[in-house]
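See structure below.
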Amino acid sequence: MSTNKRGTRYDEEFKRTLVNLYQSGGKTQAALCKEYGVSQTALTRWIKQFSTVETDDGEILTAKQVKELQKRNAQLEEELMILKKRLPSSRHTRTTIRSGS
C-alpha cells in the first residue's frame, strides 16, 4: 500500500478508481490530486502501474504484467544463450559407424 506524507494508506481499489477516472478523460491528474488529496507523484505511479495494454489476441495486461513478462523473457533469452554455448556444433556430434572386425 502507498502512503502519503501524512501517512494515509490507499488500497488498490482506490488507486484503480482514480486511474480509471483519469483514463476515461473525466478528470485531469491535477484535478484528481486536488479533489482526493493525493500527490502528483503517487497518481503518476498508479497510472503507470494500473494502465493496461491489449494484446493481439485480446488479452488485457497491466503495465506491471508487461514488465514481469519482459523480465522473464530476458531470463529465458539468457538461459538459451548459455545452453547454445554448451551445445556442441552439429559437425562434432556425428557418430561414425565402422563395420567389420
Original post:
With Cβ to Cβ distances under 13 Å as the rule, what net charge do the other residues near Gln29 carry (K, R +1; D, E -1)?
Top reply: +3
Subject >> Carbon plus sulfur fraction of accessible area for segment 1-85, probe 1.4 Å, in percent >> reply: 51
Original post:
Given a cut-off of under 8 Å on Cα pairs at least six residues apart, what relative contact order in percent is computed for segment 12-69?
Top reply: 25
Original post:
So how exposed is Arg72, as accessible area in Å² (1.4 Å probe, rounded to 10)?
Top reply: 110
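Add +1 for every Lys or Arg and -1 for every Asp or Glu among the other residues with Cβ under 14 Å from the Cβ of Glu12, and state the total. Intermediate results must be reported in sequence, preceding the final value.
Values: positive: Arg9, Lys15, Arg16, Arg45, Lys64; negative: Asp11, Glu13.
Taking every Cβ under 14 Å from that of Glu12, the sum is +3.
If DNA, RNA and ligands are ignored and the probe is 1.4 Å, what is the ranking of Ser39, Ser51 by accessible area, most exposed first?
Listed by decreasing accessible area, they come as Ser39, Ser51.
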Original post:
In a shell of Cβ-Cβ distance under 15 Å around Glu78, excluding Glu78 itself, what net charge do Lys and Arg (+1) and Asp and Glu (-1) give?
Top reply: +3
Original post:
On full extension of the chain, what length is gained from Lys48 through Ala31, given 0.36 nm per residue of separation minus the C-alpha to C-alpha distance?
Top reply: 4.3 nm
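The values are calculated or read from the model by the stated rules, or taken from the named source; none is laboratory data. The structure presented is a predicted model; accordingly, all values stated were derived computationally and were not measured. Neighbour counts are summed over all protein chains in view; Cβ atoms, including those assigned to glycine, are modelled from backbone coordinates with ideal geometry. The protein model used for the area step is the full one, side chains on, heavy atoms only, and it has no ligands, DNA or RNA in it. Shrake-Rupley method; radii C 1.70, N 1.55, O 1.52, S 1.80 Å.
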